[in-house]
Each structure stands twice: as C-alpha cells, then as structure tokens.
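No value in this document is a laboratory result; all are computed from the given coordinates. On a predicted model such as this, the values are computed, not experimentally measured, just so you know. Reconstructed Cβ throughout: ideal geometry from the backbone, glycine too, with neighbour counts over all protein chains shown.
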Amino acid sequence: MSLTNGLEIPKETLDAEIQAFFDSAPPLKNKVDISEKLEEFVKKNSLPSGSGGVRRVVCVTSGGTTVPLEQRCVRYIDNFSSGHRGAASTEYFLKAGYAVIFLYRRGTCQPYCRSLPDDPLLECFEYMDESNIKVSQPHSEAVRNAITKNRAAVTGSLLLKLPFTTIFEYLQMLQMISLSMRSLGPHAMLYLAAAVSDFYVPWKSMAEHKIQSGAGPLDMRLVQVPKMLLVLRQDWAPKAFCISFKLETDSKILLEKADMALKKYKMHMVVANELSTRKEEVVVVRSNEKVSVHRNNSLGDNDVESPLIELIVERHSAYVNNSDI
C-alpha cells in the first residue's frame, strides 16, 4: 500500500498508473545502446576492486526535467536546476571509491567542470597560428585538471554519463538503471538529486506541431506524474540504498515534508534543502536522526557536498555491513 494525500492507494493501482505512463511515453531512441552500456558498466564494477572488496556503484541523477507541450517540441515547461549538486556529488563519490552512473540533464553542470571559467569557451583559448591553438594561461590549470580527472574516471570504467532532457526520457532511463543495478544488492546506491516534474502533458493528448499563438489564450490540462519512488524502492532495486531530495522555498514546512517523503516512499535518507540556503546547508533526515550539514567556509574551495557525501558514505557503509548479503 502507498500513501497519497493521507489516503491509502492499492499498490496495483499505482503500478497501473506507472505502466500507463510508460506505455504512452515516446520510446527512447537509443534504448539498445543505453542498455548495452549499463550492462557492461555494472558487470565491470561487479568484480572485486583493487582493495579486494566489491566496488560500490551509485546512480547520481542531476538537473531538471522538461515537459514538452508539443510532440515536435518548440515550447516546454522546465524545472529549475543547474546540476551543480549532482556534478559536485559525483566528484566526491568518485573520490570515495565509488563507480558512478551520472544521469544528467543535457547542458547542465558536469563533473570536474565546476572550476572551469564562466567566460565564453573561445575566450579560454589563444590563437597561435593555423595549426596551433593553446589554452590561455589563466585557465590552463583548470582545463588540464578537468580533462585529466574526467578521462581517468571514464577510461577506468568508473564514470558512465547518460543524458536526458524530458520527463519521459528521465523516468525510462531511471527504470533501466535501477533494474540493471539490482544484481549489486546493498552495494548499489540511488542518489536522486534531479529536479523532477510533478505534472506533464500525456504524449497522446499533446499537439503534434507548434502551438499557434494566433489561436488566442491557451488552455492546457496537465496530469500528475506517477510517483515512482516507492516502486523503485520496492520493486526495481529493493536492496539498494536510496536517497531522495526535498527542496522547498518555505523553511517552515521543509522538515515536515522531508519526513513525510521518508515514510511515504520508504527512503533510507532524504536530503532537505531550502532554496535560498541550499549551497550552504542541508539537513539529512533519517528515521532515527536529523543531521544538519554545513559548508565549511574556512576552506575557500569547499562546498556543502563534501561533508554531505562523507556522511552518506558512512551511512551506506553501515547499511552494507548490516545487510544479509
């Protein structure tokens, strides 16, 4: 049974809603390629790591999903997210020895790119002659570090990047990833930092071509995206360590909403963050504790994700040790 607005809904009803969503969604164009990449990545990281133990694998979701308003999309509704938290968290998970499946919104912040300049790309390079272009001196170290660390992670089969744009792509790919990680048992983690749309326009009821403004005011009915966290937790990856996020603009209701999400979706942990302070502080909510995590301002290049991932790794270790593998 699951809870929605305080009412119990039979699980079979929830499953039917989810299946209806997937049945009506446009199919992934590169589904076979994604499936092959996932299978290979999980297989490689199922083998004992250099330390002798099984490497842990985390799926980090990052960025916001879009809701297309037309099948041949010109207009869409977007969810706010720069992808900074997901990108930063990926770096810290890799540093902690995890392999990472990075499910990210196209065009959002990438791992190891946070230190790159905000200047336009072409301003980062110097033209020497027709066959020689180099990175300008102020940016050379940052570019070198980004390329070196990203290459090491990707070629070492420790980082798999999978992009999405729409809510349809995101949820189909999340299901594929979760199912592919089932074999990892408690060594798998789902770190769901993406900003996921709550409402969408069903594909079959969507206009095929661009909506014309000359037709006057636009009335459009959005339906609720089926809540898939509980099904993910119970069916797709039942032994994985699952973390979701709760973002609010009103700090007065934040912890209450996070606690509700923890119980409703049976998460192991919910990271609560308030919009205006999300880069400085988060609160980790669990069934038996609430831990405030703060950015260490004494370290100039530090961020709140550093102590957050350190705490999560500790709790995941305890979860693995207490699991009946």
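Relative contact order for the chain: 18 percent, from Cα pairs under 8 Å spaced at least 6 residues apart, divided by residue count. Among the DSSP helices (H) of the chain, those spanning at least 18 angstrom by Cα along their long axis with an average Kyte-Doolittle hydropathy of -0.5 or more are 11-24, 140-155, 167-180, 251-264, 305-322; this is a geometric and hydropathy rule only. Reducing region 252-325 and region 145-167 to their Cα centroids gives an inter-centroid distance of 24 Å.
Once fully extended, how much extra length lies between Glu123 and Ser323, figured as 0.36 nm per residue of separation less the alpha-carbon to alpha-carbon distance? Don't jump to the answer; show the numbers that get you there.
Working: separation 200, 0.36 × 200 = 72.00 nm, distance 5.18 nm.
Here the answer is 66.8 nm.
Subtracting the Cα-Cα distance of Glu39 and Ser251 from 0.36 nm times their residue separation leaves 72.2 nm of extension gain.
This ranking places Lys210, Lys29, Lys44 by how few other beta-carbon atoms lie within 10 Å of each, fewest first, which gives Lys29, Lys210, Lys44.
State the extension gain, in nm to one decimal, for the chain segment bounded by His294 and Asp198, taking 0.36 nm per residue of separation less the distance between their alpha-carbons.
31.7 nm
Note on Glu314 and Arg151: with the Förster distance fixed at 35 Å, the Cβ-Cβ geometry gives a FRET efficiency of about 0.75.
Dividing the helix sum by the residues of the chain, where each DSSP H run of 4 or more adds -39500 (n - 2.57), gives a mean residue ellipticity at 222 nm of -10000 deg cm²/dmol.
I'd like to know how the chain sits against the 2.2 N^0.38 Å rule of thumb: what's its Cα Rg over that expected value? Could the numbers behind the result be given before it?
Working: Rg = 20.9 Å, N = 325, 2.2 N^0.38 = 19.8 Å.
With N residues counted in the chain, Rg over 2.2 N^0.38 Å equals 1.06.
For the chain, the longest stretch holding no GluC sites (Glu not before Pro) located in a DSSP loop with at most 16 other Cβ atoms within 10 Å is which? For GluC sites (Glu not before Pro) (loop position, at most 16 other Cβ atoms within 10 Å), the longest site-free span of the chain is 1-129. The ranking of Trp203, Trp236 by Cβ neighbour count inside 10 Å, starting from the fewest, reads Trp203, Trp236. Within the same chain, lysines fewer than 8 places from Lys263 are excluded, and of the rest, those with a Cα less than 27 Å from its Cα are Lys11, Lys227, Lys239, Lys246, Lys252, Lys279, Lys290. Within a straight-line Cα-Cα reach of under 20 Å, Lys29 can be paired with the following aspartates and glutamates, leaving aside sequence neighbours fewer than 8 residues apart in one chain: Glu39, Glu40, Glu70, Glu169, Glu208. Counting neighbouring beta carbons within 10 Å and listing from fewest to most, the residues Ile18, Ile177 come out as Ile18, Ile177.
Hey, in the GNM for the chain with a 10 angstrom Cα cutoff, which one of Leu255, Leu159, Leu218 fluctuates hardest? Highest fluctuation among the options: Leu218. Once R0 is set to 25 Å, what does the formula 1/(1 + (r/R0)^6) return for the Cβ-Cβ distance between Gln19 and Gln224, expressed as a FRET efficiency to the nearest 0.05? After rounding, the FRET efficiency stands at 0.95.
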